[in-house]
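To start, the structure under review is shown below, and the notes come after it.
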Amino acid sequence: MPIASQRRGEDERAELFPPELLPLIDDAFVVSCDLIEEYIARLALGVFQSTGLEEACRWEAGATIDQAVARAGLAAAVARVPTAWILAMLISRGWLESIAGVGEDIRYRLARPLPALDPDEIVQAQEAHDPRCMPSYEIMALAAEHYPAVLRGQTPGEQALFGVEGISAWVKYFSNSNPLYAISNLLGAIAAEQALPEGTAAILEIGGGLGSGTEALLDRLDAAARATQVSTYRFTEISALFLKRAQRTLVARYPGCPITFAPLDIDRSFAEGGIAHGTYSLVYGVNVLHVARDLAATLHELRKALKAGGVLVMSECVRPFPGTPLHLEFVFNLLSAFREPLLVSGWRPNGGFLTSEQWTAALEANGFEDILIYPDIATVRSAYPAAIAAAIIARKA
């Protein structure tokens, strides 16, 4: 996300973003965003070369995605989505060219020598600029290390990313001390505080992870003198390890908060997690709803959990335009839950991240109204297409 906008070639942040969000996207943060995007592009280039995709695309006629996967000897069921993303990323950098045949799939061809780019150069630049962002680099490097084995079907992506050796890296990544992740927590907390109804409020958090999103929200409510509104805070998470760690951290940090903890799988009935119908004023989550296997079913469960007029606030990465590859997908494309959701024509065309229009259509189709994307990515994207952090706010119809 360069400081100069793509639309006018000047700094338009103050014009396009709400004033309360401007401190989150200051110049230092923008530089870190540009650096991590360059780092991921270089890692993707390395994966392209190390998995056999480079040779697969050297043919004069190029290769479709399926042909590239087959020629490289990759496992089609796992590798197709990550391969499509890698090829699209290299196209966006001008390192590959595409050939669109009439009535045929797009073909990808390597027509010139690839640049020699060292990812470690960017690591060093980030360490000099803002070392607080280094946990994001650890996660990207972890994914890059396991890419060949995952794409060949030798190791499940879930095991590669969330095995014992990776847990410490995720603890540092999912932290408000890491600016590149903290923006999702802070933006979500601002949106949730603004949307929280007046009076006594019961809050349900889904996919709470290690609790950094909870910390951001409770700190925000405390700063706004609204913490006493919270009558109950139900923290849920599917990972037993993450749930245990979050409980230990949050109970110690917020001894006066009426917070309870429970496991919850967003792909199953919420009744299994003890979530009663019509109970909550606010349902809140950070970077979780996009991995719902059946998004309609999960939205139905969320709607049932809310009181009449209750509010849903989800902080998410929002895809600026259909088909645009997002840098964070480099990691999450390794996960089956990200790649293989139930698709729905019109609003769930792919796994993972959705556009503003797709989120709006999904919520409208599943019993929500007064839908707001904050900030308005549909307005921002022509100037800053790399600005993808947003909160999705909707009211139970």
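So for the pair GLU121, ALA297, with labels modelled 7 Å out along Cα→Cβ, what separation do we get in nm?
The answer from the label model is 4.8 nm.
Given that compact globular proteins tend to follow 2.2 N^0.38 Å, what is the ratio of the alpha-carbon Rg of region 179-396 to that value?
Here the answer is 0.95, to two decimals.
Between GLU60 and GLN159, what is the label-to-label distance in nm when each label sits 7 Å out along the Cα-to-Cβ direction?
Reported label-point gap for GLU60 and GLN159 is 4.3 nm.
Tally Lys/Arg at +1 and Asp/Glu at -1 over every other residue whose Cβ is under 15 Å from the Cβ of ASN350; what's the total?
Net local charge, ASN350 excluded: 0.
Compute log10 of I(q)/I(0) for region 13-135 with the Debye formula, placing one identical point scatterer on every Cα and leaving out solvent, at q = 0.22 Å⁻¹, to two decimals.
Normalising to I(0) and taking log10 leaves -1.14.
At 0.36 nm per residue, and after removing the present C-alpha to C-alpha distance, how many nm does the segment from LEU24 to SER177 gain when stretched out fully?
Answer, rounded to one decimal: 53.8 nm.
Need the list of aspartates and glutamates near LYS396 for cross-linking: C-alpha distance under 18 angstrom, and skip anything on the same chain fewer than eight residues off.
Within the straight-line cut-off, LYS396 pairs with GLU193, GLU198, GLU205, GLU301, GLU364, GLU369, ASP370.
Starting from the 7 Å offset along Cα-to-Cβ, what nm value, one decimal, do you get for the label separation of ALA141 and ALA240?
In this crude spin-label approximation the distance works out to 3.2 nm.
Residue-wise, which Karplus ³J(HN,Hα) couplings in Hz belong to region 222-229, taking 6.51 cos²θ - 1.76 cosθ + 1.60, θ = phi - 60°, and x for glycine or proline?
Residue by residue, region 222-229 yields 5, 5, 8, 6, 10, 4, 5, 5 Hz.
Kindly write out, for region 75-89 in residue order, the coupling ³J(HN,Hα) from the Karplus curve 6.51 cos²θ - 1.76 cosθ + 1.60 (θ = phi - 60°), rounded to whole Hz, with x marking Gly and Pro.
3J(HN,Hα) across region 75-89, in whole Hz: 7, 4, 4, 9, 8, 4, 5, x, 5, 4, 5, 4, 5, 5, 5.
At most 14 other C-beta atoms within 10 Å and a DSSP loop state: those are the exposed GluC sites (Glu not before Pro) I care about. Give me the longest piece of the chain that has none.
Result, exposed sites excluded: 199-397.
Based on alpha-carbon atoms only, what is the radius of gyration of region 288-397 relative to the globular estimate 2.2 N^0.38 Å?
Rounded to two decimals, the normalised Rg is 1.02.
Taking the Cα centre of region 179-396 as origin, work out the dipole magnitude from +1 charges on Lys and Arg Cβ and -1 charges on Asp and Glu Cβ, in debye rounded to 20.
300
Would you please state which residues of region 191-216 a label at SER231 would reach in this model, taking the label point 7 Å out along Cα→Cβ and a backbone N cut-off of under 20 Å?
It comes to 193-206, nothing else.
No lab work stands behind these numbers, since they all come straight from the coordinates. Note that the structure is predicted; figures quoted are calculated from it, not measured. As a convention, Cβ positions derive from the backbone with ideal geometry for all residues, glycine included, and neighbour counts pool all protein chains shown.
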